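K.L.:
Got a structure for you, written out below as structure tokens; questions coming shortly.
The values are calculated or read from the model by the stated rules, or taken from the named source; none is laboratory data. What you see is a predicted model, and the numbers here were worked out from it, not measured in a lab. FYI the Cβ positions are ideal-geometry reconstructions off the backbone, even for glycines, and counts take in every protein chain you see. The protein model used for the area step is the full one, side chains on, heavy atoms only, and it has no ligands, DNA or RNA in it. Shrake-Rupley method; radii C 1.70, N 1.55, O 1.52, S 1.80 Å.
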Amino acid sequence: MSSTAQIGVTGLAVMGSNLARNFARNGFTVAVHNRTSAKTEALVEEFGHEGAFVAAGSAKEFVDALERPRRLIIMVKAGEPTDAVIREFAPLLEQGDVIIDGGNAHFEDTRRRERELREQGIHFVGVGISGGEEGALLGPSIMPGGSEESYASLGPLLEKIAAKAADGTPCTSHVGPDGAGHFVKMVHNGIEYADMQLIAEAYHLLREVAGYSPARIAETFRTWNRGRLDSYLIEITAEVLAHTDAATGRPYVDIVADAAEQKGTGRWTVQIALDLGVPVSGIAEAVFARAVSGHAGLRTAARGLAGPSAAALPAEEADAFAARVEQALYASKIVSYTQGFHQIQAGSQEYGWDIDLGAVASLWRGGCIIRAAFLDRIRAAYDAQPGLPSLLADAGFAGEIGAAQDDWRTVVTAAVGHGIPVPAFAASLAYYDALRAERLPAALTQGQRDFFGAHTYRRTDREGSFHTLWSGDRSEVRTA
């Protein structure tokens, strides 16, 4: 088999097939391979007219079809299946070849694989790909990690198939070494969880407090999507809410079981944030909200618990309330991105990745699930101040969230009064208030820790660590 393919894809489920087709449509010759050859044959038979494919029946045929340096993308399940494919292909490769993992791998697995393959002279690139099945085919947001040398070989291909932002810039760039790409994709998904939960809470408030029908809420979201909330998730929310179930004639949202599932990247975001000591409370509450929704037995047992009996607002007040919900949604959305970018910043420092936060915002502007108009402003904020400690320290975002905060508080108060759970709205507001507070009750917490565990504390009036001898005369001693 002649070595004519510029890129290879192994693992031809929907994402892998669509990615292979994307490369072919963009003029690349693509070697395709699957554990079961029937899928390979079916792909070429159905889509062979879209471009140049080389069907490989075995791992050796697949590798032999690739021009040097070989670039092969693994599109299989994360974890052991990915390791199994690496073990199969690595012995067939040579120094300078590149293995790319396009799945939702845990970044620590990516770091391990990159380290192990580097010792063999093989580049390993963990690539976060966002955009779902449609994005894989038409242009996703692509977040590659790995060495700069590997990106020099792979980057031009990824830039060709990636989504393009409104200014024509490809939504991909080299994120950083080893696991940086998969780390950024993980945080992207955490922000996605928060964004979706915030939208769901806004819907719940408009339905139960404003008394809007799903169809009217759909129109409200369409209006919002023409303004500062312009985003893919707001757009598709309007479509979902406007949809009617063909079998029953009822709003689609009313016939879907209210139990949201998850694949794990949101949990990873929260787990790693805890390890890094980064507060991502809005993201965490979004993950927990999905968990609560799935505990049917727990919810059934609690359904009879007492709650408020507030009625929906009068029609003349509903529209004003809806405008306040828009303010609360926008302010909370700023917080979720603030928390996500803080986590990327902390991860970059912890692992020595030197991630450009403005570049991350840039590559999320198209193709990915959280693509939104205000990402241009986030990019501009980090480009103007590369050391920006928080999006809330940017004058533009600080001004907007400050202008929204009264309505934000009114919405959260109304939710409490009506017994509507808004964990992400409330957590986002609490985060905002915690950051702006002159003093936090953590001083008392630290006093408690010193009392029961002699954990020491620092003072506001002089340097050093101190411990109070809580028994006896309660004198204070300097410890170090």
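K.L.:
Does Gly168 satisfy the criteria of being open to solvent by 10 Å² or more (accessible area, probe 1.4 Å), without any contact (Cβ under 8 Å) to a residue 40 or more places away in the chain and of a type in the set (Gly, Ala, Ser)?
P.N.:
When the stated conditions are applied, Gly168 passes them.
K.L.:
Return yes or no: is Val253 in contact with a Gly (Cβ under 7 Å, 6 or more places away or on another chain), open to solvent by less than 50 Å² (accessible area, probe 1.4 Å) and not polar (S, T, N, Q)?
P.N.:
When the stated conditions are applied, Val253 does not pass them.
K.L.:
Another question, then. Considering each residue of the range 254-278, count those that are among the charged types (D, E, K, R), assigned to a helix (DSSP H, G or I) and under 18 Å from Glu108 (Cα atoms), and give that number. Break it down stepwise before answering.
P.N.:
Applying the first criterion (among the charged types (D, E, K, R)) to the range 254-278 yields 254, 258, 261, 263, 267, 275.
Still in the running and assigned to a helix (DSSP H, G or I): 254, 267, 275.
This time we only want the ones that are under 18 Å from Glu108 (Cα atoms), so: 267, 275.
Selection size over the range 254-278: 2.
Let's see how each residue does on (1) surrounded by fewer than 23 Cβ atoms within 10 Å (Cβ to Cβ); (2) without any contact (Cβ under 8 Å) to a residue 24 or more places away in the chain; (3) over 21 Å from the mean Cα position of the chain (by Cα):
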| site | (1), (2), (3) |
| --- | --- |
| Pro177 | yes, no, no |
| Ala202 | no, no, no |
| Ser213 | yes, no, yes |
| Ala218 | yes, no, yes |
| Tyr232 | yes, no, no |
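K.L.:
Please tell me if Arg118 is basic (Lys, Arg), open to solvent by 40 Å² or more (accessible area, probe 1.4 Å) and in contact (Cβ under 8 Å) with a residue 40 or more places away in the chain. Break it down stepwise before answering.
P.N.:
Values: basic (Lys, Arg): yes; open to solvent by 40 Å² or more (accessible area, probe 1.4 Å): yes; in contact (Cβ under 8 Å) with a residue 40 or more places away in the chain: no.
No.
K.L.:
Something else about it: How many of the residues in the range 435-471 are among the aliphatic types (A, V, I, L, M), assigned to a helix (DSSP H, G or I) and without any contact (Cβ under 8 Å) to a residue 24 or more places away in the chain?
P.N.:
3
K.L.:
Considering only the range 282-391, give the helices (runs of 4 or more DSSP H) lying wholly within it that have at least 1 residues that are of a type in the set (S, T, N, Q) and either without any contact (Cβ under 8 Å) to a residue 40 or more places away in the chain or surrounded by 22 or more Cβ atoms within 10 Å (Cβ to Cβ) (or both).
P.N.:
Filter on the range 282-391 gives 296-302, 315-351, 357-363.
K.L.:
Related question: Could you list, in sequence order, the residues of the range 132-156 that are under 18 Å from Ile122 (Cβ atoms), open to solvent by less than 40 Å² (accessible area, probe 1.4 Å) and part of a helix (DSSP H, G or I)?
P.N.:
Ser150, Tyr151, Ser153, Leu154, Gly155
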